[in-house]
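Beneath this line is the structure, given in structure tokens, with notes to follow.
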Amino acid sequence: MTDLCKINIDGTEYEMPGELTLMQACEETGAEIPRFCYHERLSVAGNCRMCLVEWVGAPKPQASCALQVKDLRPNRDGTPANIRTNSETVRKAREGVMEFLLINHPLDCPICDQGGECDLQDQAMVYGRSGSRFEENKRAVDDKHMGPLVKTIMTRCIQCTRCVRFVTEVAGVQEIGLASRGEDAEITTYLEQSLTSELSGNVIDLCPVGALTSRPYAFNARPWELDSVQSIDVMDAVGSNIRVDSRTGRVLRILPIINDDVNEEWISDKTRFVWDGLGRQRLDRPYIRKNGKLSAASWDEALGVAAGKLSGDTGHIGVLAGDLCDAESMKALKDLCDVMGIGNKDCRQDAAALPAHSRGAYLFNSTVAGIENADAILLIGANPRIEAPLVNTRIRKAWLSGTTRIGLIGEAADLTYEYDHVGVTAQDIADFTNSTKGFAREFQSARRSAVIIGMGALAGSGGARTLKACADLADGFGVITDGWNGWNILHNAAARVGGLDMGFIPNDGSRSTSEILDSAQSGDIKTVYLLGADEVNTSKLRDAFVIYQGSHGDVGAHVADVILPGAAYTEKDGLYVNLEGRVQMGVAAVAPKGEARVDWAIIRALSARLGKALPYDNIEELREKLFVDHPVFASIDHVAASDERLDLSGLGDVGEPGEEILKSPITDFYLTNPIARASATMAECSDLIHAEIREAAQ
């Protein structure tokens with residue numbers, strides 16, 4: 001139990017946990033403590049001194065961020081230590097600190113991108129003096145090149161070192177540091193190289209001044225000009241909570257929203273900077289292929305052609321759902337398939353051998369936050385750093401605690417933490433199961449062990465056998481115990497869990513993704529409906545009639561015979577289920593482009609043309625049916641725990657695991673979906689990374 005300590009804050013006596021910092025204790029009572037260097041998710045630096053408070057009897061004010069309650073000795077008469085947060089001493093101390101911070105800071109607020117949301121600006125108004133007593137020339141610092149994402153004006157820097165601590169402690173890379181001392185101190189990248197971390201954009205949010213700002217967003221808008229909505233990210237399966245800022249129908253910025261159970265307050269660079277791709281290469285009107293060329297058409301004409309092709313033998317029709325689909329659009333398409341008798345449907349674009357008989361079998365059961373509690377973690381065919389960066393930060397946090405050991409079976413990678421590389425192939429999974437040495441012994445003895453299985457292990461022809469090997473390993477090492485479920489599937493597609501939850505998979509005897517593509521190539525499947533499915537081998541669809549519904553002119557649109565323009569994720573309300581099974585609600589920030597429509601409404605209109613009108617006319621009625629048919633979707637922002645203990649014995653196919661190397665399916669972090677591939681910023685980041693790889697290889 002936490003020891004409580006008595007403390008007097010501003011004349012009132014309280015009992016506080018001893019491990020709280022003085023700043024936290026004061027804020028618990030409602031006092032406001034200004035700060036620049038302190039951040040609750042980073043180590044304490046104590047170098048800005050803005051958080052000074054008065055400890056009555058002490059010779060000088062105290063930095064409240066670096067002093068714990070248990071370190072305060074009682075007064076000589078035995079009464080609790082007396083802390084004052086608003087005395088004259090405190091006021092003068094804060095004015096002096098602010099005056100020092102502004103000695104060299106350029107007063108260029110009117111042209112600074114941080115203007116309107118700048119901590120230094122706000123605190124100078126509240127805690128600063130009305131003027132400065134310093135008349136010397138201000139110091140100037142050269143700007144640093146940190147790459148295409150982070151813009152620097154380092155003369156504004158106040159050396160709070162938040163950025164240094166973030167990239168070192170959270171991102172896990174040694175790319176930013178504080179060089180020199182005293183007046184010569186400056187934040188810089190080592191060797192003047194660009195930032196390469198997939199989380200580098202978070203330093204923009206952390207910077208309390210305008211020293212680090214967003215390069216793509218620079219001079220686009222002021223914060224008071226923007227309309228904001230809270231929504232959900234779809235760049236991976238984590239379901240990061242985001243704020244989408246827009247102006248006059250155009251998305252201009254994406255920022256994180258704090259959710260301690262999911263993304264804390266971080267987002268990946270792809271999530272943050274992909275917004276320029278939302279306005280490029282858009283499908284803003286229907287198209288029909290005539291004489292080998294796509295020609296603009298009316299909605300009535302396009303729906304008529306699509307309905308005609310879907311009216312034939314349903315055994316010759318295949319339906320695939322992509323990685324960015326919302327639950328409502330997949331539900332509408334599934335209902336249409338069911339009413340028409342189409343069994344050849346699948347939401348697994350990569351044909352991964354994901355088990356669908358039990359919900360727990362395809363979830364990240366330890367939960368994103370809960371993986372921090374694991375004592376031993378075994379990664380199988382996964383690279384969480386590029387597949388789910390916010391999961392990787394959690395694993396790193398567990399590793400930093402010093403009590404968690406990590407192992408990897410698969411291709412070696414820089415994961416920002418140390419691990420035991422215990423194998424590279426599927427066969428090594430079976431060998432590890434029978435081992436009693438090294439990491440296997442530690443994994444066996446761990447009280448809370450966890451396996452994290454990536455799509456690199458489950459995709460491909462041997463995925464089902466690899467799944468069986470993983471299940472045998474997890475069962476043999478006892479990763480599922482009372483109060484702990486260490487069986488985790490690391491999804492990389494935002495739509496995947498939602499599709500599995502509603503059964504968007506082949507009916508018994510029907511074709512899966514790989515079988516649909518093979519049948520289309522052979523001519524047995526004559527019509528293929530792609531709902532935002534761009535990550536499939538479209539070369540196999542050349543002889544089939546392709547109906548593509550999506551937002552961008554990407555791979556699927558290039559082979560389409562009919563294009564039905566849909567809405568991007570920022571243009572529609574929708575439900576998304578993240579990899580741990582948490583249902584979250586996305587909200588439209590802007591309207592769809594041109595003649596594009598929200599996806600479920602397109603499918604509803606198509607069903608009417610087919611004479612099979614679906615039983616809902618608005619999204620509320622659609623969601624009501626979704627909740628009735630699949631109650632799990634009704635639990636918004638909640639991870640539903642299963643009452644039954646997960647049985648792993650029936651997973652996968654019996655057979656010898658293959659000898660192929662287990663590799664992450666993501667080869668380019670920045671170009672994983674149509675929106676990212678349309679983004680000029682993501683293309684620039686991709687080129688930079690590949691250039692550095694080529695340079696390192698030479």
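The values are calculated or read from the model by the stated rules, or taken from the named source; none is laboratory data. What you see is a predicted model; the values in this text were computed from it and never measured. Here the Cβ is made from the backbone with ideal geometry for all residues, glycine too, and neighbour counts use every protein chain on show. Note: accessible area is taken over every heavy atom of the protein model, side chains too, but ligands, DNA and RNA are not part of it. Shrake-Rupley method; radii C 1.70, N 1.55, O 1.52, S 1.80 Å.
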Query raised in the report: Among the residues of the stretch 357-410, which ones are open to solvent by 40 Å² or more (accessible area, probe 1.4 Å) and assigned to a strand (DSSP E or B)?
Result: Arg405
Requested in this report: Quick one: count up the residues across the stretch 479-531 that are open to solvent by 10 Å² or more (accessible area, probe 1.4 Å), within 17 Å of Thr367 (Cβ to Cβ), more than 25 Å from the chain's Cα centre (by Cα) and of a type outside the set (Gly, Ala, Ser).
Outcome: 3
**Report entry** Inter-residue pairs, beta-carbon under 7 Å, first of a type in the set (D, E, K, R) and in the stretch 623-637, second in a helix (DSSP H, G or I), 6+ apart
**Finding:** Arg623/Glu328
Requested in this report: Tell me which residues, restricted to the stretch 252-264, are within 30 Å of Lys144 (Cα to Cα) and open to solvent by less than 10 Å² (accessible area, probe 1.4 Å).
Outcome: Leu252, Ile254, Asn263
Report summary line: Ala413 meets each of (1) touching an Asp or Glu at 6+ places or on another chain (Cβ under 8 Å); (2) outside any helix (DSSP H, G or I); (3) closer than 27 Å to Val536 by Cβ with one exception, condition (1)
Requested in this report: Give the residues of the stretch 509-542 that are assigned to a loop (DSSP other than H, G, I, E, B) and free of Cβ contacts under 8 Å to residues at least 24 places away in the same chain, sorted by residue number.
Outcome: Gly523, Asn537, Arg542
Query raised in the report: Just checking, how many residues over the stretch 71-92 are farther than 19 Å from Ala124 by Cα and surrounded by fewer than 15 Cβ atoms within 10 Å (Cβ to Cβ)?
Result: 8
Query raised in the report: Filter the stretch 43-57 for residues that are β-branched (Val, Ile, Thr) and in a loop (DSSP other than H, G, I, E, B); which is farthest from Cys5 (Cα to Cα)?
Result: Val44
Report task. Report yes if some residue within the stretch 309-321 is assigned to a helix (DSSP H, G or I) and under 27 Å from Arg282 (Cα atoms); otherwise report no. Result -> yes
Query raised in the report: Within the stretch 454-477, is even one residue in contact (Cβ under 8 Å) with a residue 40 or more places away in the chain, basic (Lys, Arg) and either open to solvent by 10 Å² or more (accessible area, probe 1.4 Å) or closer than 26 Å to Ala171 by Cα (or both)?
Result: yes
Report summary line: Over the stretch 6-21, the set of residues assigned to a strand (DSSP E or B) and either touching a residue at least 24 places away in the same chain (Cβ under 8 Å) or open to solvent by less than 40 Å² (accessible area, probe 1.4 Å) (or both) is Lys6, Ile7, Asn8, Ile9, Glu13, Met16, Pro17, Thr21
Query raised in the report: For Gly655, all conditions in the list (1) within 26 Å of Asn485 (Cβ to Cβ); (2) exposed (fewer than 14 other Cβ atoms within 10 Å of the Cβ); (3) of a type in the set (Gly, Ala, Ser) hold save one; what is the number of the exception?
Result: (1)
Report summary line: Being of a type in the set (Gly, Ala, Ser), open to solvent by 20 Å² or more (accessible area, probe 1.4 Å) and within 30 Å of Val150 (Cβ to Cβ) narrows Ala58, Ala63, Ala45 down to just Ala45
Report summary line: Here the residues within the stretch 56-73 that are out of contact with any Ser or Thr (no Cβ under 9 Å at 6 or more places or on another chain) and touching a residue at least 24 places away in the same chain (Cβ under 8 Å) are Gly57, Gln62, Lys70, Leu72
Query raised in the report: (1) among the hydrophobic types (A, V, I, L, M, F, W, C); (2) open to solvent by 10 Å² or more (accessible area, probe 1.4 Å); (3) farther than 22 Å from Ala471 by Cβ: which one isn't true of Ala430, the others all being true?
Result: (3)
Query raised in the report: Of all residues in the stretch 146-186, how many are touching a residue at least 60 places away in the same chain (Cβ under 8 Å) and in a loop (DSSP other than H, G, I, E, B)?
Result: 12
**Report entry** Unique match (being open to solvent by 40 Å² or more (accessible area, probe 1.4 Å), out of contact with any helix residue (DSSP H, G or I) (no Cβ under 8 Å at 6 or more places or on another chain), among the hydrophobic types (A, V, I, L, M, F, W, C) and closer than 21 Å to Val339 by Cβ) among Val628, Val587
**Finding:** Val628
Requested in this report: Go through (1) at negative phi; (2) buried (at least 20 other Cβ atoms within 10 Å of the Cβ) and name the single condition Gly239 misses.
Outcome: (1)
Report task. Mind counting the residues in the stretch 277-303 that are in contact (Cβ under 8 Å) with a residue 40 or more places away in the chain and open to solvent by 30 Å² or more (accessible area, probe 1.4 Å)? Result -> 10
Query raised in the report: Quick one: in the stretch 658-672, which of the residues that are of a type outside the set (D, E, K, R) and touching a strand residue (DSSP E or B) at 6+ places or on another chain (Cβ under 9 Å) is most open to solvent (accessible area, probe 1.4 Å)?
Result: Ile661
Report summary line: Matching residues in the stretch 22-42 (over 26 Å from Asp3 (Cβ atoms) and open to solvent by less than 10 Å² (accessible area, probe 1.4 Å)) number 3
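Conditions (1) under 21 Å from Lys540 (Cβ atoms); (2) without any contact (Cβ under 8 Å) to a residue 24 or more places away in the chain, marked per residue:
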| site | (1), (2) |
| --- | --- |
| Leu324 | no, no |
| Met330 | no, no |
| Asp338 | no, yes |
| Arg348 | yes, no |
| Ala356 | no, no |
| Ala382 | no, no |
| Pro389 | no, no |
| Ala398 | no, no |
Query raised in the report: Got at least one residue in the stretch 320-331 being surrounded by fewer than 23 Cβ atoms within 10 Å (Cβ to Cβ) and either at pLDDT below 95 or among the hydroxyl-bearing types (Ser, Thr, Tyr) (or both)?
Result: no
Query raised in the report: Going through the stretch 193-212 one residue at a time, which ones are out of contact with any strand residue (DSSP E or B) (no Cβ under 7 Å at 6 or more places or on another chain), farther than 22 Å from Asp687 by Cα and part of a loop (DSSP other than H, G, I, E, B)?
Result: Cys207, Pro208, Val209, Gly210
Query raised in the report: Do we find a residue being buried (at least 23 other Cβ atoms within 10 Å of the Cβ) and among the small types (Gly, Ala, Ser) anywhere in the stretch 160-171?
Result: yes
Requested in this report: Please verify whether the stretch 115-138 includes one or more residues that are at pLDDT 90 or above, of a type in the set (D, E, K, R), over 24 Å from Glu40 (Cβ atoms) and open to solvent by 20 Å² or more (accessible area, probe 1.4 Å).
Outcome: no
